[in-house]
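Engineer: Have a look at this one.
The values are calculated or read from the model by the stated rules, or taken from the named source; none is laboratory data. What you are looking at is a predicted structure, and each value in this text was computed from that prediction instead of being measured. In this analysis, Cβ positions are derived from the backbone assuming ideal geometry, glycine residues included, and neighbour counts consider all displayed protein chains. These area figures cover heavy atoms from the full protein model, side chains too; ligands, DNA and RNA do not enter into them. Shrake-Rupley method; radii C 1.70, N 1.55, O 1.52, S 1.80 Å.
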Amino acid sequence: MDKPAELMSDAELARALDRADAELALLETRRLRLVAAMDSSGYAERVGARDMVQYLEFRYRLDHSRAYRDVRLARALPKYPSVTAALPDVADVADDRDGEIPEVVLRPAQAEAIVTALEKVPTTVPVADLEFAEQELVRLARHLCPTDLRKAAEQSRDILDTDGPEPEEHKAAARETLTLTTADRGVKFKGYLANENAELFRTLIVTGARPHKTVDGERDPPLPRKTPSRRSHHHLDPRRHRPGRRHPFTDDAPPHRTSKLPSS
């Protein structure tokens with residue numbers, strides 16, 4: 001029986017977490033293969049579901065987007081041998097290997113990032129180029145999280161696609177919208193920006209959100225700001241104007257005097 005986590009030492013906690021993470025990646029991979037097998041057999045339709053996506057959605061109470069992504073990945077994996085080979089070996093489920101923790105080269109979330117981007121590569125791209133990109137992305141997966149790996153995969157897709165932007169990119173640009181609404185002491189904004197406009201918006205937000213916390217926990221030094229000179233303070237400060245002296249920005253009487261209208 002496993003020792004309770006509260007009674008483990010730091011070394012035991014680290015090893016137990018490594019094992020749990022490896023087992024989770026392995027079980028997720030096995031689940032994808034079960035989904036693919038059930039999808040190809042037509043079992044979901046035979047029991048009354050519209051398709052495998054609806055079967056997962058209702059039987060396991062998943063969001064539609066999650067069920068759709070799982071089925072899409074399960075169907076696409078056989079087309080990418082390097083990604084499939086890098087996923088955990090499902091044979092390890094029944095093989096304890098004398099307590100040895102299996103190495104996880106690629107996790108299903110990382111595989112989804114790679115496959116989703118490569119699925120959008122046009123069929124005109126040579127197979128050898130696509131396979132090379134797939135292998136390089138699998139190597140990058142040792143160092144990148146799914147979000148960063150998705151960005152790298154999208155860059156690889158853009159390099160492979162020499163015929164210009166895909167119709168999906170044009171459609172994304174056509175859906176762009178940005179709405180600003182006045183709020184209490186601020187402004188609310190919502191909408192959708194695509195491609196270059198999305199990158200520009202992100203850059204502006206990140207730049208304007210300074211100071212950021214650095215790796216050591218300290219804040220970035222603030223951007224230098226131009227401060228008014230001593231002379232400008234002298235002219236702008238009304239306390240520095242002596243009685244009887246004209247104000248520099250008006251021809252009216254000095255503020256300490258009042259003018260009386262002649263009585264009628």
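Engineer: Ordering 157, 69, 15 by how much accessible area each has at a 1.4 Å probe, largest first, what is the list?
Structural biologist: 15, 69, 157
Engineer: About its Cα centre, how strong a charge dipole does the stretch 1-120 have in debye, to the nearest 20, once Lys and Arg get +1 and Asp and Glu get -1 at the Cβ?
Structural biologist: That gives a dipole near 840 debye.
Engineer: Follow-up. Tally Lys and Arg at +1 and Asp and Glu at -1 over the other residues with C-beta under 12 Å from the C-beta of residue 60: what net charge comes out?
Structural biologist: Cβ neighbours under 12 Å give a net charge of +1.
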